[in-house]
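The values are calculated or read from the model by the stated rules, or taken from the named source; none is laboratory data. Owing to the predicted nature of the structure, the values given are computational and were not obtained by experimental measurement. Here Cβ is always computed from backbone atoms with ideal geometry, including for glycine, and neighbour counts include all displayed protein chains.
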Amino acid sequence: MASSAMKGRAWTRKEDEALCKAYRWISEDSVRGISQTSEGVWTRVSKKYLEFYEGTIPPNTRNHESCSSRWKKHLHPSLNKWHQALLAAARRHESGANYYDEVSVFTVYFKCLNV
């Protein structure tokens, strides 16, 4: 369980980045693969998260439950929306469109998904 000092404290961008890196690191572990329990995965993710976050201020003590909750309720849904918008923009293939046009279309799609 999170310490009382950590309860309710908002996640920072650095924390979100560290959690994304940790989740990716653990999810790409070809040795363990899919033969892990959910709690085992999140325990490993939280340990790796603390490694990635080490040395930053303020010191961090997020546990596997808070990492799992942050990923499932906030980061994963946002990343899915981002991916959907990217795919939708890529499907347009308008004649004469350049990179900046595609970024513009992507931005519109992403904003529509976040309404």
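Annotations for the structure displayed:
- Test: residue 100 is among the aromatic types (Phe, Trp, Tyr), loosely packed, with under 13 Cβ neighbours inside 10 Å and at pLDDT 75 or above: yes
- Sole residue being modelled with pLDDT of 75 or more, closer than 30 Å to residue 106 by Cβ and of a type in the set (Val, Ile, Thr), chosen from 37, 12: 12
- Residues (surrounded by fewer than 10 Cβ atoms within 10 Å (Cβ to Cβ) and either at pLDDT 80 or above or of a type in the set (Gly, Ala, Ser) (or both)) located in the stretch 81-97: 95, 96
- Qualifying residue in the stretch 43-66 (condition: farther than 17 Å from residue 12 by Cα, aromatic (Phe, Trp, Tyr) and modelled with pLDDT of 85 or more): no
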